Structures are given as structure tokens and as C-alpha cells.
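The values are calculated or read from the model by the stated rules, or taken from the named source; none is laboratory data. All values reported here derive from a predicted model rather than from experimental measurement. Neighbour counts are summed over all protein chains in view; Cβ atoms, including those assigned to glycine, are modelled from backbone coordinates with ideal geometry.
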Amino acid sequence: MDWTPDEATDTMLWHMAIQNAIEYSGKANPGSVIGRIMGMRQDLRQYGKSLSPLIAKKVAQANNLAGENGLDYLREILQNEAPHLLEEREKQTRREGLPELNSAQKGKVVLRFAPNPNGPLSFGHARGIIINGEYAKEYEGELILRFDDTDTTVKPPLPEAYAIIEQEAEWLLGFKPHRIIIASDRIDQYYRHVDIMLSGGFGYVCQCSADEFREFRVSKTNCPCRANEIEPNIELWNKMLDGTFVPGDAVVRVKTDMELKNPALRDWPALRIQDTIKNPHPRKEIGSKYRVWPLLDFQSAVEDHLQGVTHIIRGKDLMDSTRKQTLLYQHFGWQYPETMYWGRVKVHEWGGFSTSQMRKDIESGKFTGWSDPRLPTIAGLSGTGIQAEALRNFWIELGVTQKDISVPLSSLYSHNTKIIDDDAPRISFIRDPILLALSGNQQSIVEIPTHPNFPAMGSRKIQLNSQQVLIESTDYGEGKLRLKEFADFDISEKSAEFISQERSDARKIIHWASVDTSSKATLQTVNNGQISKIEGVLEHHNLLKGDVVQIERIGYGVIGENNTIIFTHD
């Protein structure tokens, strides 16, 4: 006998169908509604076979009402019967999309994503590439992928990261960046602008030590070097270039005002000497070719101008960078790009990861590599089944706000579920299996839907020649059980007597596997920062490595090597 929801549950299903119809402008999707309900009410998962047609019927009714009476009619129903769902939807709507770019003209917007290639991309990097990419699409503009790789000492580039980042950027964006710039290829351009600065009198070579200049900055007084004439500055600049000076002997500073309220803006450093003999640039074509390297605020400012960047979207912790660069632009007579800021986003389940620290931990053997599932890297996330579209939807939903935000990983998982559920074939993995001998059943083959909501995906044909099945030890118990998508059985002393293919009063629906068509397998999960491996048996399949599946009653996963499933999320 089919399961019938109680009145409260039936009303909830109807309201969820209406909410989805409002969300999708009268085109509610049964799969989307089912996914959300299963996420909210785990107690309903065992009734999936009966639930699916009920929801499909209610979704059709909601869509028909939207077509006949309009979305306002549906909103009125929720307002009267379930206002919390309407309020929830309205909050989501307000957060959807991104704010408009100031002074933006379609076809003329140029944005950039500028990572330091000291490692592949992380979850945090995804925000920058996705937000800038969405704006580039919306305004029919360009997105530049720029490698800010001019630090050879503190955060030296990782040679293989360049190609990896290009691939990961394209995966996240859904398109190739329009231009790719490598800062270390353009040192001569930065030198040319130093010549302009020194000749124009708004830059100078400073020979003060870091401690000495700090005293001048604190006391708001000029250092002696600031009074140098143009020719002496050019001579000192040449000594920086030809090797006369060593690291720490001199830096090039941007002349601002030593009495500015913000100490960080007072005659800030633009270029310094690095020992590229001992620490050559990791790119072989660059190596020890240059001794003087631009600091990020200078290099980025000059490059943004040269590439015609119109809008910069960055973290609010870089507001001082904007202020420094604006002063430099005023010297050159350039117009500074429109700038937008975002606050920090902290994920509850992750601590403070940085690319530099992850690199050290990988090199020390703490993690297996950049794709280690314990790391918040793009390689780690994609390898466990997180989709690029889910990451895009997650960051776009959070939007661009200067408010610091703390979110759980379940928020990302929710987006991922919506994307993968409709296409994920079902498969059974049995933990701590117990053998049951069937009796009274004459079927030698059982056909189970590949996906309960999409008959077009076909079925899984399971051999039952031995009339023996495996179930999880936690599901075992005397009495009536239903083997999912198969039949009801009466369980007694590890034997199972056939009752009916139709649902009777079985206390529980469980997943199972046939002894004939299953094999030993491993489910790999991450718990509290540790990789765990659960041994069990997996139903026979013809899926390929990398395919995303829904593991019956466990969650989603990715087919790995050697009969392994890598757990994604529940």
C-alpha cells in the first residue's frame, strides 16, 4: 500500500510547490522541490517512491495556477497560509544577482582577477574570479586573468600553478578569460614608469633603512632623500639596476605627503631590490634577469592603467591600496577605476587556510596534494563532486557587500544538490553488510530505476540467481522490511520471506545489494579534518571515474579508482 502523507505534511508539500513556482516564474521543477523537501525532512526520504508523484502533481497544479491567475495569486496564498515561506523567498530574491557597476557602459567594461600564482586557486579565490566574471558577462565586457608574480621571496610563484590556474579559472567561469597577463613578463613597462616618476619629480630613490624611514613616517617629517634633485635620483636608480646597491640599500618611493592622516599613504614604497641570484624567479625565462622588482601596489596600479581596467572589485582590507594607487594616478594624470569592496566570508567548517600555509603543509607531507579533499582548494572541491555552477551560485547569492559574513558549508552543498540531483544515478553501498537468504521470491532479475524521478534514465538490472542479498547491519531486525524498489519481506533469523511487491505495513524501507552483482568497495569521507575509509560492498555498475552519484540513503559521491566512492555531501 502506498504511503499517504498526513494533513500537515500534505499542506507543506503544497506550499513548497507554490514557493518553487514563484521562484521559477510559474515553471516549478519537481526535482527541485523534492531535493529541498528531502533536505528539510529526512524522515520523508524512505517514502521517496510515493512522494515523487504527489509532488509532481502539486507542482503541476501550482504551475497551472500561476498560468491562469499570475504569480501574485500564488504569493497571496502563501501570505495567507505560510507567510514564512514567502518572506524566505523575498529575502532570497533581494540577495540574488549583483549590484550594478557604477559608470558602466555595455561593451566597455574591463575587469581583472589577479592572483599570486604561489599555488592553485582556493575557495576564496573563487569569489574573485566568479564575481568579476559575472560582471564581464552582464556588461559584455572583458575579464583579464593577471598573474601578480613579482614577489620572489615572501610568496614565490609555483611554476605549475600558472597552467593550473588558467584551467581552474575557465572551469569556474564557464568561459576562457579574454586576456592573460603575466606581470613578470612586463618589468620593463614598470621601469619605464619609474623613469617618468623620477623625471617628473613625484618619485625618488630612498636610501633610508626601514627603521629610519619608520621614524620619519611616525613623526610626519620628510626623510633627507626626499629633497634629491632629478639627476641624483636617476643616478641612484641606475645603481639599483646595475648591482651597485644590494637588497635593503635603496627603494623607490612615490612622493605623496608626509603629513597625510593615514600613515600607510606617506611616501609609500614602489620598487625594491631582491636577491634573484640566491632566489631567482621560479619562471626559468625570468630567473635572475631582474634585480629590482615592483611592489604589488605599484605594479598593480600601473598594469590596471595599461590594460584599461575600468572597475576593480576587491576586499575591503585593500582600501589602503586604493588610496595609495589613487595618489599615484593623480601624479600620472590618470583616472582611477571605479572600485567596489567586499567583506570577509568565513566558512564555519574551515579554519584559517592560506595558500602559503597549504603549500608548506603539502611539501611537509601533511596533505597529499592540492586536490586533498581536506583542503578548501578548487582541486579538492571539484574532486569531491562540487560543481562550478554551485560555486557560482553560492558567491553570487552572497553578493558584494562590505559586511563580514559567516556561513556553513551546507549553504554551498544546498546549491550543489540542486545541480547534481537530477542527473545523479542512484547506487547502493552497504556498510557492515549482513547476508539475508530470500525465500518465496521467484524473481531472478530485479529492475530498479536508475533515478526514481526520471524514467528516461533507464533502470539497473540486478541479478538474484542466488536469492541472497546484503543489507546494512543497522537495518537488520526481526519483522517486516521493504527492500527499496523491490518488495516487502518478513525478516527472521537472517532469512527473508517474500510478502508482496506492493507496499504493505513494512516498518522501514532499506537499500540493499545482491550477492551476485556486488563487490567489495570503499567509501572515502572526511571527518573532523581526517580522511576516513569505510569498507563495504557496492552494487555492480558501469559508471566511469568522476561520475557523480547518489549513494542510497547516504548522500552524494564521486566514482573513484579501485571501486572507491568519494563522499561529497549528504
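If I filter the stretch 202-212 for residues that are closer than 25 Å to Lys106 by Cα, crowded, with 19+ Cβ neighbours inside 10 Å and free of Cβ contacts under 8 Å to residues at least 60 places away in the same chain, do I get at least one hit? Show your work before the answer.
So the first thing to find is which residues in the stretch 202-212 are closer than 25 Å to Lys106 by Cα, and the list is none.
No - not one qualifying residue is present in the stretch 202-212.
Look through the stretch 281-312, keep the residues that are more than 33 Å from the chain's Cα centre (by Cα) and assigned to a loop (DSSP other than H, G, I, E, B), and return whichever of them is surrounded by the most Cβ atoms within 10 Å (Cβ to Cβ).
So, considering only residues that are more than 33 Å from the chain's Cα centre (by Cα) and assigned to a loop (DSSP other than H, G, I, E, B), the one surrounded by the most Cβ atoms within 10 Å (Cβ to Cβ) is Tyr290.
Collect the residues in the stretch 25-52 that are more than 17 Å from Ala82 (Cβ to Cβ), exposed (fewer than 14 other Cβ atoms within 10 Å of the Cβ) and either aliphatic (A, V, I, L, M) or touching a helix residue (DSSP H, G or I) at 6+ places or on another chain (Cβ under 9 Å) (or both), keeping them in residue-number order.
The initial filter retains those residues of the stretch 25-52 that are more than 17 Å from Ala82 (Cβ to Cβ), namely 25-27, 29-32, 34-35, 38-39, 42-52.
Subset that is exposed (fewer than 14 other Cβ atoms within 10 Å of the Cβ): 25, 27, 42-43.
Residues satisfying the conditions are Ser25, Lys27.
Restricting attention to the stretch 140-162, and to residues there that are among the acidic types (Asp, Glu) and surrounded by fewer than 18 Cβ atoms within 10 Å (Cβ to Cβ), which single residue is farthest from Asp185 (Cα to Cα)? Explain how you work it out, then say what you get.
Kept after step one, since they are among the acidic types (Asp, Glu), are these residues of the stretch 140-162: 140, 142, 148-149, 151, 160.
Those still in the list that are surrounded by fewer than 18 Cβ atoms within 10 Å (Cβ to Cβ) too: 140, 160.
Values: Glu140: 28, Glu160: 16 Å.
Only one residue tops the list, namely Glu140.
For Gln387, only one of the following conditions fails: (1) out of contact with any Phe, Trp or Tyr (no Cβ under 9 Å at 6 or more places or on another chain); (2) at pLDDT below 95; (3) within 24 Å of Asn132 (Cα to Cα); (4) surrounded by 15 or more Cβ atoms within 10 Å (Cβ to Cβ). What is its number?
Here Gln387 clears every test but (2).
Looking at the structure I just gave you, is Asp320 of a type in the set (D, E, K, R), closer than 30 Å to Asn262 by Cα and free of Cβ contacts under 8 Å to residues at least 60 places away in the same chain? Reasoning before the result, please.
Working: of a type in the set (D, E, K, R): yes; closer than 30 Å to Asn262 by Cα: yes; free of Cβ contacts under 8 Å to residues at least 60 places away in the same chain: yes.
Yes.
If Ala28 meets every condition in (1) aliphatic (A, V, I, L, M); (2) in a helix (DSSP H, G or I); (3) out of contact with any His (no Cβ under 7 Å at 6 or more places or on another chain) apart from one, which number is that one?
For Ala28, the failing item is (2).
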